[in-house]
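Before any comments, here is the structure.
The values are calculated or read from the model by the stated rules, or taken from the named source; none is laboratory data. Not measured: the values here are computed from a predicted model. Positions of Cβ are backbone-derived with ideal geometry, glycine not excepted, and every protein chain shown enters the neighbour counts.
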Amino acid sequence: MQRSEMVEGKREKEVLPLDVVINILKRVQVKSLMRFKCVSKEWLKLLERNPFFTKQQLEYSTGNNALLLLQRVHRQPQPDPFSTCLIGPHHHHLIDESHLSDIVSPAAKILASCNGLLCLRHTTALSILNPATHQIRQVPIENLSAFNYVGFGFSPLADDYKIVRISMCIFAPDNQVVVLDNVRVERVEVYSLASGFWKEIDAAKLQPLCIVSSSVAITGSIFWLATKTSDSDTDSEFVVSFDIGRDLFTLVNGPPFQHSSSHPYSNNVLAVHNDKLAMFRHYIVGAFESCWFDLWVLEDLHGDYNNNTCDGVGGSWVKMYSVGPFSRIVYPLSLWGDEIVCREEFSGQENDFRGVETLLALFNPLTKELKNLPAHRDEFFYVPFTYSQSLVPVPDLLQH
């Protein structure tokens, strides 16, 4: 055997099997994977056009390297660039992502995060962004207004990402002050990233409702909080659930409400706990003197898709824990793993025109430890999202 043939045979033996290469590369940060496309044609094909590898990388990133994505929103109205930061699993590690301002408009607001993709709202426009790959596409949409509620999620059943727009209508005379009692759902449209088309769907059961929260998504579903005005002293509360694969809505009654003789002010926040819908019931006592909150998880969703009435059906809500009372106001914002992302409020100095100072923190419900996050105190509002870096491509969203 000639020397050249021996060398060539040795090289062939040194080539790793594809499954081993995938197992190694799925653990690498997306920023590095983007550079690895230059290694060879085979790697370029693997990293750009191999759905199996994209799925493997996403599953590993979601299970092992889920990040906390914070959008900075400046307290004072000013044309600041779009700004986000990432906090890693060790909490003290902050990754600045301000370079996204080069491709994202200053007015953009993050609406949702799903599989490494972000749904952005730019005043009267929508777009889909993959921050890791810097892919961004505009979503064809008309007449996007302040009374539109937008959700974004993925259905493995349909293998499709969808955007849901719920349009609200004001039922009040022009000279009357707009209150939630006068705002109702008017219509619902769904956009499929796979097909590139919008379509209107039946929303009869939503039309008596007023949507009162931003959306959260779990695998296959998108959720909102909604209320319905009743003749009694309290309004009816519902969770609106949208099945992404079947384009169908169902309504679920919320978890039990804790009534107190002190009549605390309360508000509710939707969250995701281990890929299940969760809700914080947040209670503030007296003149914002103290607070506590409960976390409820929906263990069994069994809605009636064929019922067009606005009557919610049962769901098995289980209380996971109660937190507090706190001696100050602590607002639960979302869940990141097993910890709660919170906004703390402190009374400002008497000569401080802002009045209240805020701080972003993580609360561990098991250890009762409250840890400050590495964010600029009181300079910004922070809107939190769970985010996993991925290679999921953003398709061309121009309508066919």
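Annotations
- Screening Q207 on (1) of a type outside the set (V, I, T); (2) modelled with pLDDT of 90 or more; (3) closer than 12 Å to I166 by Cα shows it passes everything except condition (2).
- Boolean, R121 is basic (K, R), within 29 Å of C210 (Cα to Cα) and at pLDDT 80 or above: yes
- If the condition is being in a helix (DSSP H, G or I) and more than 26 Å from G88 (Cβ to Cβ), then region 47-67 contributes E48, R49, P51, F52.
- Of all the criteria given as (1) modelled with pLDDT of 90 or more; (2) surrounded by 15 or more Cβ atoms within 10 Å (Cβ to Cβ); (3) within 27 Å of D300 (Cα to Cα), the one not satisfied by D159 is (2).
- Among (1) at positive phi; (2) modelled with pLDDT of 90 or more - the single one H263 does not satisfy: (2)
- Flag for L366 being farther than 24 Å from A132 by Cβ, modelled with pLDDT of 70 or more and outside any strand (DSSP E or B): yes
- Of all residues making up region 183-213, the number that are among the hydroxyl-bearing types (S, T, Y) and surrounded by fewer than 16 Cβ atoms within 10 Å (Cβ to Cβ): 1
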